[in-house]
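Take a look at the structure set out below.
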Protein chains: 2
Amino acid sequence: MTLLDSQEGRDLTVQASRLQGQSIAALLSADATRPQAFSCEAAGLHLDFSRHLLDTFTLENLLSLARRADMQARIAALFAGREVNHTEKRPALHMLLRASAADNHAARFAEVVATRERMREHVETLRSQRQTGFTGEPISDVVNLGIGGSDLGPRLTSEALAPACPAPPRVHYAANIDPEDLRSVIAPLNPATTLFIVCSKSFSTEETLHNALAARRWLQDAGASEKDLARHFLAVTSHLQAAEEFGIPPDNCLPLWDWVGGRYSLWSAIGLSTAIAIGWEAFCELLRGAETMDRHFRDTSPESNLPLLMSLLEIWCCHFLGATNHAVLPYAYRLRRLPDFLQQLTMESNGKRVNRSGDTVGYHTAPVLWGAAGTTGQHSFHQLLHQGTHLCPVDFILPLAPADADEDEDGRHGRLVANCLAQSRALTVGRSAAAAEDSLRQRGRDDDAEWLAPHLAIPGNRPHSVLSFERLTPHSLGALLALYEHRTFCSSVIWDINAFDQWGVELGKNIGRQVHEVMLGPAAEDANEPASTLDAATAALIQRWRDANA
Amino acid sequence: MTLLDSQEGRDLTVQASRLQGQSIAALLSADATRPQAFSCEAAGLHLDFSRHLLDTFTLENLLSLARRADMQARIAALFAGREVNHTEKRPALHMLLRASAADNHAARFAEVVATRERMREHVETLRSQRQTGFTGEPISDVVNLGIGGSDLGPRLTSEALAPACPAPPRVHYAANIDPEDLRSVIAPLNPATTLFIVCSKSFSTEETLHNALAARRWLQDAGASEKDLARHFLAVTSHLQAAEEFGIPPDNCLPLWDWVGGRYSLWSAIGLSTAIAIGWEAFCELLRGAETMDRHFRDTSPESNLPLLMSLLEIWCCHFLGATNHAVLPYAYRLRRLPDFLQQLTMESNGKRVNRSGDTVGYHTAPVLWGAAGTTGQHSFHQLLHQGTHLCPVDFILPLAPADADEDEDGRHGRLVANCLAQSRALTVGRSAAAAEDSLRQRGRDDDAEWLAPHLAIPGNRPHSVLSFERLTPHSLGALLALYEHRTFCSSVIWDINAFDQWGVELGKNIGRQVHEVMLGPAAEDANEPASTLDAATAALIQRWRDANA
């Protein structure tokens, strides 16, 4: 019997049908203490979940479900370094990357500390403009070459925290194999003062390797010698030999370890570009924010455990209320990449269809995560949130004050906050057809008020959370990202899946090599004849590719 | 009886249950002509929909559904300028914006042509560096201030088509009310050589107006006089008086018309920033591409009508196979904003819950649209596409050759194409547990092959389309965007909803004003006392905002 079929799961199914007819707005009016009762705070982050369709019974039942899943023991096992990634026989110890003490992992922690020290040296050399390129001029621009976890986390954190108009070195990112990506990044740059960081554990990730080769050609075409390359390339990799063959000496390589998954790696040397963009002290604050959340998660009992509560809200909305997607709406322009980062974190971790024993699960796992920064989404997809037919649970992410206290002289940030709270309230209370009709009549539209009103009616009762914090700082961002990491882990425990592997991406890579080989090989005599072992549709598209490039 | 409950709809329900057990891969192997039979081409765009879970019977039934919906008459009514936006008593004539002839709309078309001519003049003056700012230096940077339709379309088209390192004037975009957005755009710019285009039909859109006010202060702080403002501001608006009060004379204002919805407005003067970025000839090519698709859509019979077929695939996947989301994956870095644009187009148009008569629909309307550029998504959420539990239909968007024929000297673009085709094939064929076990044994992993294999298994059979075209040009992009516009319209016809209004966003704006007033008013004596008429949760968050900004 699976956890979700247990007595606790069945109790929750009963709760769900009881609550389906209820109104969140009514629950809120009936109990003035609800916002306090349905909230939780940790590491400076405050979660208001009073606008979810649940009550104290539901919450108790959800906590029982977590107990039944042996959640506290599973959390302990995670921190203890057990092989929670059982299919790859590895622990998942990204928490160690931001720890200030070794706990039980002295050997690993020593490597972390040594690597931090090496990162700090690179950061300080580059930020003080002491590192020079092949003409002797100081490095002015740093380009991070990486994809997935070697891109999304560093890009998010540096965009969120770096100044709008930074002193050199400026930090840039290129990820896509499409040559347009790197081309658009380097077009305005000077090769003599540009440094690349190649982030690839294997040093063989297709996109990263081929972008690195293009970068090397760009430098060489500008006059860099083989020997000069060492001044223009750093790498974060486990594969020193491949890096050296490329032209990056071991001294320029920072390590990665197999107990750090790609999507949990921004805290490692993969974060070097971020540390260059925001400075070493700020990077350490990012780590400390995450560490504060780690300790909260490890040491706090379930009913006040923020990552666990957010996971239980996910399970409640998805498994019991039937949501198939999850929107994350940061009301902060600097956090506009957060949905991209969370897509990898949640969908790569929990987009699985077999449980830890390899049996097909009989329920849905990770929902589709999507979103965009408020207020821009209000002028785009919010129409569907308010009047669409699909249940779309939302996390509003809200820094309450501007990052710099002086930054709101004209009150635009206050308006941003007002918009966030208004969307939350509109999703809760909605507008009845009668209220819509009244409003039309007040506007003097008696003639069409009656027939038009249903088009203006909004059902409300859309479950969502508001996650607010004082301001966006390295510390609050570190805590926020660690919060979502641990929430993702808790949901994997409830769903009984391995959050740390990603076997589903392997097949596409294998077929990619096969397709590429066919593309580069001789054309089939008859264009309608499937090329080698590929299917007819793929073969037909390869022929179209040949024709377009002929 | 609704259309979807008609005989045609019931036939499709039967088809769906018949096909649910079938394999797309088997359908492909059984019929070598399937890729040709299940494909359609228009305006240079080629749709391969052979990897959907359907057969010729399904397709015939879907076309019958369209006939039953009187689709051809509805398309004719759209082009004839009938009030298809019946709740706002307006036609939707965005096709006229890209037309080369007036058809039956002579008066409107004359205004379009006159506006095009004024746009062309602005574009040529700015691109030839003949327009100067308040110090007499030529304008080097243009910042578009707009949100929603006044931002997403122009941003997408200029990013997709402008050179990586353009000659001045360079074009930028700021949309969000968050002051960080405009601040980060203008930080590196020189006020003396920066021009702003204020895009707001009402000249009162909160975000756009407040960003325009901030831009005006920035210019004035740098020494621009009241009179100088006319050299630094253009507007696209219907509200000349408000623009003039702001400091933008009527000569600097380009018009918008009520028969153009915001999300269909990039073809109007709202596209001015795009035209500046890509040049007038290229902008005209964008219009011509869209016009080519318009004519195809208006004049082609259903079975070869590309927008209609794509709509029927949406209806098939969502209504009959139960998909609740739709992924769009452009394999082109330059199209990375396409999902953002399509979110507004599809979710604002069709995120509706009442039919044209105002009755609640008994079925789902628009799905959640999401996506990201390939190959970056492969290192993020593709895990869920391959092994997750939710049905996620995909549109792959694939330019077959690089935009500039010389641009693929190192074959990275070929690798991009190979990756796209490989993802399509992997989603189709999947990998059985037995095949996974074999592969593990071949890698010498006999010990764990058996228990590990289920984790590597991939079900395949995921429906998707491949929309390919020779290369990304103004013409192909124009056709692509018009294709999705008309697809959205066709789906609205099947769902019997109005695709052209957006009443659902009004409530949030109203509540926003109310919340903002409370925020600026005196604090409640007792922080736990709901402020004025707001609920306790909103009041508590307003108190948190006060505390954070104290």
**Message:** For the structure I just gave you, tell me whether B:Leu427 is over 19 Å from A:Met519 (Cα atoms) and touching a His at 6+ places or on another chain (Cβ under 8 Å).
**Reply:** yes
**Item:** Top-ranked residue in segment B:501-523 [being more than 8 Å from chain A (Cβ to nearest Cβ) and assigned to a loop (DSSP other than H, G, I, E, B); ranked as nearest to the chain's Cα centre (by Cα)]
**Value:** B:Gly521
**Prompt:** If you check every pair at least six apart or on different chains, which have Cβ atoms under 8 Å apart with a residue in segment B:208-225 that is assigned by TED's automatic domain parsing to the domain that holds B:Leu145 and within 15 Å of B:Val198 (Cα to Cα) first and a residue that is in a helix (DSSP H, G or I) and of a type in the set (Lys, Arg) second?
**Reply:** B:His210/A:Arg412; B:His210/A:Arg415; B:Asn211/A:Arg412; B:Ala214/A:Arg412
**Asked** Do any helices (runs of 4 or more DSSP H) lying entirely in segment B:1-40 carry at least 2 residues that are within 14 Å of chain A (Cβ to nearest Cβ), and which ones are they?
**Response** B:24-30, B:34-37
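This table checks each residue for (1) within 30 Å of B:Pro179 (Cα to Cα); (2) among the hydroxyl-bearing types (Ser, Thr, Tyr); (3) assigned to a helix (DSSP H, G or I); (4) in contact with a Cys (Cβ under 6 Å, 6 or more places away or on another chain).
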site	(1), (2), (3), (4)
A:Ala114	no, no, yes, no
A:Arg130	no, no, no, no
A:Gly136	no, no, no, no
A:Leu156	yes, no, yes, no
A:Ala160	yes, no, yes, no
A:Pro163	yes, no, no, no
A:Asp181	yes, no, yes, no
**Request:** Please go through segment A:39-51 and pick out each residue that is closer than 16 Å to A:Arg425 by Cα and crowded, with 23+ Cβ neighbours inside 10 Å.
**Result:** A:Asp48, A:Phe49, A:Ser50, A:Arg51
**Prompt:** Taking segment B:145-180 as the search range and keeping residues that are of a type in the set (S, T, N, Q) and within 12 Å of chain A (Cβ to nearest Cβ), which one is surrounded by the most Cβ atoms within 10 Å (Cβ to Cβ)?
**Reply:** B:Ser150
**Complete:** The condition from (1) in contact with an Asp or Glu (Cβ under 6 Å, 6 or more places away or on another chain); (2) in the same structural domain as B:Gln344 (by TED's automatic domain parsing) that B:Leu481 misses is numbered (1)
**Item:** Options A:Pro402, A:Pro367; residue that is in contact with a His (Cβ under 6 Å, 6 or more places away or on another chain), within 9 Å of another protein chain (Cβ to nearest Cβ), more than 20 Å from B:Pro179 (Cα to Cα) and touching a residue at least 40 places away in the same chain (Cβ under 8 Å)
**Value:** A:Pro367
**Fill in**
segment A:42-109: helices (runs of 4 or more DSSP H) wholly inside it with 1 or more residues that are over 30 Å from B:Ala436 (Cβ atoms) and in contact with an Asp or Glu (Cβ under 7 Å, 6 or more places away or on another chain) are A:56-68, A:94-97
**Prompt:** Can you tell me which residue in segment B:202-221 is nearest to B:Gly133 (Cα to Cα), limited to those that are surrounded by 20 or more Cβ atoms within 10 Å (Cβ to Cβ) and more than 12 Å from chain A (Cβ to nearest Cβ)?
**Reply:** B:Leu219
**Request:** Considering every residue within segment A:187-201, establish whether at least one is touching a Cys at 6+ places or on another chain (Cβ under 9 Å), surrounded by fewer than 19 Cβ atoms within 10 Å (Cβ to Cβ) and small (Gly, Ala, Ser).
**Result:** yes
**Where A:Gly430 falls short, out of the listed (1) in contact with a Pro (Cβ under 8 Å, 6 or more places away or on another chain); (2) among the small types (Gly, Ala, Ser); (3) more than 7 Å from every other protein chain (Cβ to nearest Cβ); (4) under 29 Å from B:Ala212 (Cβ atoms)** = (4)
**Those residues of segment B:339-364 which are in contact with a strand residue (DSSP E or B) (Cβ under 8 Å, 6 or more places away or on another chain), more than 8 Å from every other protein chain (Cβ to nearest Cβ) and of a type in the set (A, V, I, L, M), in sequence order** = B:Leu342
**Prompt:** Looking only at segment B:440-464, which residues are touching a strand residue (DSSP E or B) at 6+ places or on another chain (Cβ under 8 Å) and within 11 Å of another protein chain (Cβ to nearest Cβ)?
**Reply:** B:Pro454, B:His455, B:Leu456, B:Ala457, B:Ile458, B:Gly460, B:His464
**Request:** Would you point out the residue of segment B:88-115, among those that are under 23 Å from the mean Cα position of the chain (by Cα) and of a type in the set (Lys, Arg), that is surrounded by the most Cβ atoms within 10 Å (Cβ to Cβ)?
**Result:** B:Arg98
**Prompt:** Can you name the residue in segment B:320-367 that is small (Gly, Ala, Ser) and within 15 Å of the chain's Cα centre (by Cα) and, of all such residues, is surrounded by the most Cβ atoms within 10 Å (Cβ to Cβ)?
**Reply:** B:Ala366
**Asked** In this structure, does A:Leu335 turn out to be in the same structural domain as A:Leu45 (by TED's automatic domain parsing) and in contact with a strand residue (DSSP E or B) (Cβ under 7 Å, 6 or more places away or on another chain)?
**Response** yes
**Prompt:** Condition test on A:Thr473, is it of a type outside the set (Phe, Trp, Tyr), under 30 Å from A:Arg98 (Cβ atoms) and surrounded by fewer than 21 Cβ atoms within 10 Å (Cβ to Cβ)?
**Reply:** yes
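The values are calculated or read from the model by the stated rules, or taken from the named source; none is laboratory data. Note that the structure is a prediction, hence the values are computed from the model and not measured. Ideal geometry is used to build each Cβ from the backbone, glycine not excepted, and the neighbour counts take in all protein chains shown.
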